[in-house]
Each structure stands twice: as structure tokens, then as C-alpha cells.
1. Rg(Cα) of region 156-224 divided by 2.2 N^0.38 Å?
2. Only helical DSSP H runs with n ≥ 4 go in: add -39500 (n - 2.57) per run for the chain, normalise by residue count and round the 222 nm mean residue ellipticity to 500 deg cm²/dmol.
3. Simple spin-label model, 7 Å along Cα-to-Cβ: Leu310 to Asn146 in nm?
4. Give the calculated FRET efficiency between Ser41 and Trp167 to the nearest 0.05, with a Förster radius of 25 Å applied to their Cβ-Cβ distance.
5. Please check: in the Gaussian network model of the chain (C-alpha springs, under 10 Å), which one of Asp164, Asp130, Asp148 has the largest mean-square fluctuation.
6. Taking all protein chains in place and a 1.4 Å probe, what share, in percent, of the accessible surface of the chain do carbon and sulfur account for?
7. Provide Rg and Dmax in Å for region 270-316, with only Cα atoms included in the calculation.
8. In this model, which of Lys10/Lys47; Lys47/Lys158; Lys71/Lys137; Lys224/Lys257; Lys202/Lys256; Lys71/Lys276 are farther than 21 Å apart at the alpha-carbon?
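The values are calculated or read from the model by the stated rules, or taken from the named source; none is laboratory data. Given the structure is predicted, the values throughout are model-derived calculations rather than measurements. Cβ: placed from backbone, ideal geometry, glycine included. Neighbour counts: every protein chain shown. With ligands, DNA and RNA removed, areas are computed over all heavy atoms of the protein, side chains included. Shrake-Rupley method; radii C 1.70, N 1.55, O 1.52, S 1.80 Å.
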Amino acid sequence: MKRLNNLFEKIISIENLTLADLKAQKGKRETYGVIQHNKNSENNILKLHDMLISKTYKTSQYDVFKVFEPKERDVYRLPYFPDRICHHAVMNVLEPIFVAVFTADSYSCIKGRGIHKASFALRKALENVDQTTYCLKLDIKKFYPNIDHIILKSLLRKKFKDPDLLWLLDEIIDSAPGLPIGNYLSQYLANFYLTYFDHWIKEQFRIKYYFRYADDIVILHSDKAYLWQVFNAINIYFQMFLKLEVKGNYQVFPVKKRGIDFVGYVHFHSHVLLRKSIKQRFARMLKRKPRKASIASYSGWTKHCDSKNLMKKLLTDVQF
């Protein structure tokens with residue numbers, strides 16, 4: 001694999017930092033951090049440029065808060081200047097490089113490969129009923145918090161040899177334990193952390209039907225015993241090379257009886273239903289006399305599955 005050099009200069013150029021500033025402001029122009037930055041934006045860009053050249057840039061202190069939907073987790077937030085601009089500047093240059101390394105079977109944070117792209121790819125695979133009899137489904141225990149910095153840095157050095165770029169990536173990686181949920185860079189680094197595993201599992205086992213959305217993995221095959229063999233190999237690989245642990249809710253099951261709960265939908269060979277927890281949140285929201293926009297947001301989920309009866313049941317008593 002070709003290792004890339006001379007990327008740092010592109011990242012820290014005034015042109016790229018200015019572009020990063022524009023991108024980072026999208027949808028956030030009325031936030032406090034952006035308003036304060038825009039009072040002196042040109043000088044701030046020059047200041048960030050100087051900090052990066054002199055390597056005096058340090059990640060700011062995080063604001064850490066909890067969210068409880070869809071599950072409880074800590075979210076990390078950085079100030080707009082200098083950090084969010086810096087992260088966008090990095091991704092302006094590195095995003096196409098990362099995406100080129102990712103397999104076609106990995107989703108999440110990749111433009112054009114979101115939730116519905118993953119769902120429709122799985123549906124397409126399930127059209128081949130004979131080869132998708134069984135499903136191996138697993139995810140990783142506390143994936144983001146358990147990403148090992150030493151391993152991540154060594155993987156990055158397989159792809160990049162630019163010492164200045166690696167200094168900057170190391171600084172961002174070491175700014176919090178694991179990878180902080182909420183960081184713009186974290187989702188790409190997390191995907192990169194598993195990308196060599198993706199290539200290994202596809203090449204080692206010649207897996208045809210493999211899907212990964214973040215740390216949620218689905219593998220389909222006609223042989224149940226073979227899927228257990230694959231699972232055991234994954235378990236060993238994670239422990240030996242990534243210091244990760246498979247969550248205890250892993251399963252190998254017949255698709256016909258259970259359906260595959262993946263990216264918000266339950267997928268069968270003949271139809272697709274909305275995930276139970278999303279239906280429940282939708283129903284609770286409707287009881288609170290919601291706005292039409294809130295209903296439209298949830299209805300967007302239902303448009304991509306078999307939901308006529310569900311929508312009829314949920315919306316019968318709603319008063320607009």
C-alpha cells in the first residue's frame with residue numbers, strides 16, 4: 001500500500017483553512033462560537049495557521065455532556081475556534097484518502113453511504129434467499145471509548161508517512177480517552193480503525209454478504225456452522241490486533257424466523273419493518289401533541305419500509 005506524504009502543507013494553507021471555516025459554519029451561523037469567531041475571523045485563521053506551523057496547536061478543553069437517546073453515552077464538544085475549523089481542514093484533505101481505503105461494505109460517515117444505503121444494500125442481498133439463510137450479527141463493546149491510541153496511530157502510519165500530519169493527528173487522538181463521540185474526526189478515525197479488519201474478513205473468508213455500519217456488523221451465509229467459524233475468527237482478531245471485545249449480544253440465527261435488526265429496520269427476505277424502539281419513540285412523540293415537522297421526521301423512516309398498517313394505527317387519533 002502506497003504511503004502518502006506532503007499532506008500537512010495542504011491542510012494548513014490559508015486557502016484550506018478558509019474553506020474549512022466556511023464548511024464548519026454551515027447550519028451553525030447563529031451559535032455563540034461562530035458569532036464570536038466572525039468578529040475577527042481573518043485574524044483567527046492567521047492565528048490557527050501560525051499555531052499549526054509552529055506546532056503550538058493544542059486541542060481545547062472538551063465540554064462533556066450526556067445524551068440518552070438512543071442510549072446513554074458521553075458526548076464531547078469542542079469550541080468552534082480553533083478546533084472545529086482545524087478538524088474540517090484536516091478532513092478537506094484526508095476524507096477522499098480515507099474513503100478510498102474503506103471497503104464498499106462499510107457505511108456511516110461516508111457521503112452517499114448512510115443508513116438507507118446500508119439498508120437497501122442488505123435488502124438487495126436478501127433477494128438471494130438460498131445464500132442468505134443465516135445471519136451472524138454482532139457489535140463491539142463500547143467501541144469508541146475502547147479504541148486503542150497506540151494501535152490507531154500504528155494503522156495511520158501504514159497509510160501516511162508525513163511526520164507533520166502524524167504530529168497533528170496524534171495531538172487530536174491523544175486529546176481524550178478512546179475516540180470522543182461528537183468530534184468531527186472521530187467517526188472517520190473509527191471507521192479507519194476497522195478498515196483493515198474489513199479487508200481481512202472479506203479476503204480471508206471470501207465473504208460475499210458483509211455489512212458494517214460503525215461497529216454494527218452483519219454477515220450472511222447459507223451455512224450456520226460456517227458463520228460460527230467466522231465469528232470465532234473475528235473474536236480472536238479483535239482481541240489480538242485491535243484490543244476490542246465483541247458485545248455479549250452476538251447471534252447466529254435463521255433470517256426467516258427472526259429478521260435482521262440493522263440501521264433502524266428489521267429486514268426479512270420478503271419485507272422490511274421499522275425497528276421496535278423507533279416505533280415506540282414515534283408513538284410517545286405523537287401523544288405529546290407534536291408539530292407537523294416532528295411527525296414528518298419520523299414519517300421519513302416509515303417511507304422506506306412496510307409501514308401502512310403502522311402509520312394508520314399511529315396517526316388515527318392525532319389532531320392537527
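1. Details: Rg = 15.4 Å, N = 69, 2.2 N^0.38 = 11.0 Å.
Region 156-224 yields a ratio of 1.40.
2. Values: 14 runs with 158 residues, N = 320.
Here the helix-only value at 222 nm equals -15000 deg cm²/dmol.
3. For the pair Leu310/Asn146, the computed spacing is 3.0 nm.
4. Numbers: r = 26 Å, r/R0 = 1.03.
The calculated FRET efficiency here is 0.45.
5. Between Asp164, Asp130, Asp148, it is Asp130 that shows the largest mean-square fluctuation.
6. Values: 8850 of 17040 Å².
After summing per-atom areas, the C and S share lands at 52 percent.
7. Radius of gyration, then largest Cα-Cα span, for region 270-316: 10.3, 35 Å.
8. On the way: Lys10/Lys47 17 Å; Lys47/Lys158 31 Å; Lys71/Lys137 19 Å; Lys224/Lys257 14 Å; Lys202/Lys256 24 Å; Lys71/Lys276 14 Å.
With Cα atoms farther than 21 Å apart: Lys47/Lys158; Lys202/Lys256.
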